[in-house]
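Quick notes on the structure that follows.
Where a number appears in this text, it was derived from the coordinates with a stated rule and is not lab data. Here the structure is a predicted model, which is why all the values come from computation and not from measurement. Neighbour counts are summed over all protein chains in view; Cβ atoms, including those assigned to glycine, are modelled from backbone coordinates with ideal geometry.
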Ligand code: ADP
Ligand code: MG
């Protein structure tokens, strides 16, 4: 039995409930379908008055008070949509989709008509749309097309406390825009008390707090955290199910992979338990979850059953799920981290901040008193998370800013400025790609690259494919690399061998991962996009359909910049050269010990185990799509190339001695760096003066 195991988990210690009690105990219950029952409703008129009187308003309110779903509707009722659309940004795709769906439902309209959403590669809006939810990244892109956002009357930057890279850039841009457009209304909405900082940044903007309602939450923590977080989390859920009264459970996990593992483990445990206990209903929610399944998480659990929601950070503040009484919080999340020295970007599992821990615990006390099981000690946490702008690769946003005519990125009005080194690195890369000229101005090529909603190296690969007459192949590869989920399906246990065989059939002639992806897509197309074919070949048909959508859009964008769709599938070298045109900085050379070394950076990297080249006879030179850091620094999606191509394609970046291996460390990056330094000394000097003033 599991008894022993449970006892181990029960080593939770209670923290003080006193502080929670002060918040007041509110017996009102939220009727699910009644907009008027939401906390924000009582403040509707006051809120509208404040929006009328203040161009910029900072709104703070507890998660679930109704900010995201109600404010746009109030504004519409007050007539703002007669002057223009109401745009509301979300840091996450799923949140944008789900909230839009909810609001459409509340208004009784079809999603995509009056209420719609726009996320990368998916536009669910029409001419009729007046309430538009979108990712912060999409609003950045809209600014490229509509610099003054003339079609909008109100912009709501929602979930501002998340401080994503795009949100931070938006802050600077909309702050400026507000001056140029006195009629525009700006609402910065946040779930936490960072409000003061937002207000200061927006020239002492008015802050409005929506009093929330919250029940007391009992917080328990593990005095001696156990090494296997996932295992402990699952056991804790199980323990809750056996010992606690009915009520739903929310578990915070780091991503799809953990969620899927947890789901499997939970199901196994439940099976062992047999019919002795009441049923549990497992609902996963993460960004790549198919749309059809996303709505399920909001369905109430049938009587006598318990819902267990396995969620990423998305459930921390972006989505409110009713009926949660227990939160299990292992205390980790995945964050984007960038090392400007090596240019290496990775998703790291990191401990959450104190602020996040509080938010997560709060999710259990929305409809009744709650309990939060922490698998860590909150004392060990940092107070807040570092904003993404200070730990991200800035190449993409710098190119966007340059395209918006903001040439001096060092003096951009950042709420928290990024490290200078990250900005330099971004400028260097963009210069190397040809997106910026020697004076750091955007080039024609750069303007064409900006059209594509993908990272600069990928957009350079796409635009660069024109020269090699293989744009048809390249956008297929780009689309396959952009689906956000894996293409190949690897079943557990028995069938792995069959799946691996099926996969390797796309790798004939040492093709490499990029070419294999191209072959998968083309074979699928030849089979009339059949999902049966996918099934038989261990391919995720969902990813394939997404790739087809993305490809269609990339084709449209190519047309827009006047590049003809040409196919050159006979000549794989041409395809590889086009890949290299964007990814030449990602080249690596085989070492004696079987590892690889990046050509221009002193960094050892390895072929990713998911690559078709893993374990094959090693290739001397590789180009890779990205580096991922797990146990080692792995190259994901690699393809063989010829070193002389580096010098042919990027003569400003590689010299013959690089590929012959005779270049000394010192001379390596001198060329570009000296050029860029010359360009930016002016702006840097200016910046110093500015900081002195403060
Ligand atoms: P806030 O933005 O202040 O956190 P929201 O406007 O997101 O609050 O949520 C208000 C209410 O709407 C909550 O009770 C939440 O449960 C409900 N809600 C939001 N989205 C959905 C959805 N997709 N399905 C069902 N209920 C939803
Ligand atoms: Mg919200």
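Averaging Cα coordinates gives a centre for the range 190-228 and one for the range 116-186; these two points are 24 Å apart. Packing, as the average of other Cβ atoms within 10 Å across residues, places the peptides 586-598, 560-572, 326-338 in the order 326-338, 586-598, 560-572, highest first. For the chain, DSSP calls about 35 percent of its internal beta bridges antiparallel. For the pair the range 406-449 / the range 47-72, the C-alpha centres are spaced 35 Å from each other.
Any chance you could run the full-extension gain for residue 105 through residue 224? It's 0.36 nm times the residue separation minus the Cα-Cα distance, nm to one decimal. Let's see the in-between values first.
On the way: separation 119, 0.36 × 119 = 42.84 nm, distance 4.60 nm.
Extra length from residue 105 to residue 224 when fully extended: 38.2 nm.
Computed from Cα positions, the angle between helix 165-180 and the longest principal axis of the chain comes to roughly 80 degrees.
Here the chain has an Rg and Dmax of 26.3, 75 Å, counting Cα atoms alone. With a simple spin-label model that places each label point 7 Å from the Cα along the Cα-to-Cβ direction, the separation between residue 496 and residue 522 comes to 3.1 nm.
Given a Förster radius of 35 Å and the C-beta distance between residue 83 and residue 296 as r, what FRET efficiency does 1/(1 + (r/R0)^6) yield to the nearest 0.05? It comes out at approximately 0.40. Helix 670-693 and the longest principal axis of the Cα set of the chain meet at an angle near 40°. Extension gain, residue 145-residue 200: 0.36 nm per intervening residue step, less the Cα-Cα distance, totals 16.9 nm. Can you give the angle from 0 to 90° between the axis of helix 256-273 and the longest principal axis of the chain, with both taken from C-alpha atoms, to the nearest 10? The answer is roughly 50 degrees.
Under 1.5 on a/c is rounded, so check that first for the range 490-642, then, if it is not, pick prolate when a/b is larger than b/c and oblate when it is not; a ≥ b ≥ c are the square roots of the alpha carbon gyration tensor eigenvalues.
Values: a/c = 1.96, a/b = 1.17, b/c = 1.67.
Taking the square roots of the gyration eigenvalues as a ≥ b ≥ c, the range 490-642 is oblate.
Pull out a ≥ b ≥ c, the square roots of the eigenvalues of the alpha-carbon gyration tensor of the range 48-192, then state rounded if a/c is under 1.5, prolate if not and a/b is larger than b/c, and oblate in the remaining case. Rounded is the answer for the range 48-192, as its axis ratio a/c remains below 1.5.
Compute the separation of the alpha-carbon centres of the range 338-391 and the range 639-654 and state it in Å as a whole number. If we compute the Cα centre of each part, the gap is 42 Å.
Could you line up 621, 533 from fewest to most neighbouring Cβ atoms inside 10 Å? Please report the intermediate quantities before stating the final value.
On the way: 621 19, 533 16.
Going from sparsest to densest Cβ surroundings: 533, 621.
Summarising the label geometry, the points placed 7 Å from Cα in the beta-carbon direction at residue 123 and residue 379 lie 5.5 nm from one another. Over the chain, Cα pairs under 8 Å with separation of 6+ residues give a relative contact order of 11 percent. The order of 198, 614, going from fewest to most other C-beta atoms within 10 Å of their C-beta, is 614, 198.
Sorted from fewest to most neighbouring beta carbons within 10 Å, what does the list 45, 658 look like? Walk me through the intermediate numbers first.
Values: 45 11, 658 20.
Listing 45, 658 from fewest to most nearby Cβ atoms yields 45, 658.
In terms of packing, defined here as the mean over residues of other Cβ atoms within 10 angstrom, the peptides 474-486, 307-319 line up highest first as 307-319, 474-486.
Suppose the chain between residue 260 and residue 34 were pulled fully straight at 0.36 nm per residue; how much longer would it get relative to their current alpha carbon spacing? Could you put the intermediate results ahead of the total?
Working: separation 226, 0.36 × 226 = 81.36 nm, distance 3.39 nm.
Net length gain for the segment: 78.0 nm.
Modelled spin labels at residue 242 and residue 281, positioned 7 Å past Cα toward Cβ, are 2.5 nm from each other. A Förster radius of 25 Å combined with the Cβ-Cβ distance from residue 305 to residue 485 puts the calculated FRET efficiency at roughly 0.25. Estimated from helices alone, the mean residue ellipticity of the chain at 222 nm is -12000 deg cm²/dmol (sum of -39500 (n - 2.57) over DSSP H runs with n ≥ 4, per residue).
Indicate the gyration tensor shape class of the range 357-467 (rounded, prolate or oblate), computed on the Cα atoms with a ≥ b ≥ c the square roots of the eigenvalues: a/c under 1.5 is rounded; otherwise a/b larger than b/c is prolate and the rest oblate. Please list the in-between numbers first.
Working: a/c = 3.33, a/b = 2.41, b/c = 1.38.
In terms of gyration-tensor shape, prolate.
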